[in-house]
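What follows is one structure encoded as structure tokens, with my remarks underneath.
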Amino acid sequence: MEIYKPRYYLRYFAVVLLANLLVLQVAQTAQVKQEVEFNKQANPVVPDNFILTDTDDLTEISGYTGNLKHLNVGTYEYYENWQTQPGVSSGTAFAGIYKIKWEELSDKPCWMELTPMALNSEMESGLNDPRGPFDKHINLCSNKNKHGNDKSLSVPGYVKAIAACTTDKKDSAKNRLKGIKLWGATLSKQSPLVVDVPGSPAKVEHTHCKKWHGKVSCPAGYIASGLKIYTHYQEDYFRGLGLKCRKVELSTTPYK
């Protein structure tokens, strides 16, 4: 009669137990995967953040041509936790032009500033907030620290189109920017995403605004993320304006 030692029984039961545990683990993993897939189908992630994608760098000019300068505010680093993590960006976010301010020195329009507004309202930090977005400007004034006679205008939402007024001198090479009109658009999470603001444009003029030029507009579904500024060949004053436009789309993230 063969006698089995206890240690053989223990080894046998350990192997059986381990095999059962492995089978149970595989079954639980498969169940978790099924539940995750079911939740994805039952609760899909909805793209509800506005972002900017395709670029349309318009060639049209309102006013007169000249040396081209670019002023862009379409992307910015968002510092959500600036108090606890100063200098650490949460990501590259998106904005559009909301307001334009420009100033003259000795009757020459030579300083211009763009105020952007975040595409997603919860990321709109307010003027000069350290989280962004941030104003940008260009200064062509002969005295960099002295300019004045400022004018500014803004739109509900974001700039969609622009028109320039200039002087009307016989020698067109001497004409200067003296007025601006802006048309705006708001954003919607239902199609169409970009909705033109009805009514008259915002308008402001400096002295000697004599000739209004044609409107330059972003295509349907686009807003202005930058300004194209045409200057006198000596680059001491502005002569014409154009737009850099970008397409608005929805995404699951507000970052680039």
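The values are calculated or read from the model by the stated rules, or taken from the named source; none is laboratory data. On a predicted model such as this, the values are computed, not experimentally measured, just so you know. Note that we place each Cβ from the backbone using ideal geometry, even for glycine, and neighbour counts take in every protein chain shown.
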By residue number, the members of segment 183-196 that are crowded, with 17+ Cβ neighbours inside 10 Å and among the hydrophobic types (A, V, I, L, M, F, W, C) are W183, A185, L187, L193, V194
Quick one: F94 ticks every box in (1) modelled with pLDDT of 80 or more; (2) among the aromatic types (F, W, Y); (3) part of a helix (DSSP H, G or I) except a single one, so which number is it?
(3)
Might you check whether a residue that is within 24 Å of N149 (Cβ to Cβ), among the polar types (S, T, N, Q) and either under 19 Å from the mean Cα position of the chain (by Cα) or modelled with pLDDT of 95 or more (or both) occurs anywhere in segment 167-187?
yes
Check off (1) within 27 Å of the chain's Cα centre (by Cα); (2) at pLDDT 95 or above; (3) surrounded by 12 or more Cβ atoms within 10 Å (Cβ to Cβ) for K211 and give me the number that stays unchecked.
(1)
Can you work out which of the residues in segment 56-67 that are part of a strand (DSSP E or B) and out of contact with any Ser or Thr (no Cβ under 8 Å at 6 or more places or on another chain) is surrounded by the fewest Cβ atoms within 10 Å (Cβ to Cβ)?
D57
Going residue by residue through segment 120-131, is there one that turns out to be charged (D, E, K, R) and either over 30 Å from P219 (Cβ atoms) or not assigned by TED's automatic domain parsing to the domain that holds K189 (or both)?
yes
For L140, are the conditions met, namely being assigned by TED's automatic domain parsing to the domain that holds G63, among the aliphatic types (A, V, I, L, M) and over 19 Å from the mean Cα position of the chain (by Cα)?
yes
Looking at F38, is it of a type in the set (F, W, Y), more than 30 Å from V216 (Cβ to Cβ) and either surrounded by 10 or more Cβ atoms within 10 Å (Cβ to Cβ) or modelled with pLDDT of 90 or more (or both)?
yes
Conditions (1) modelled with pLDDT of 95 or more; (2) closer than 15 Å to P109 by Cβ; (3) not in a strand (DSSP E or B); number of the one not met by P192:
(2)
Would you be able to tell me the number of residues in segment 216-240 that are surrounded by fewer than 16 Cβ atoms within 10 Å (Cβ to Cβ) and either closer than 15 Å to I97 by Cβ or within 17 Å of the chain's Cα centre (by Cα) (or both)?
2
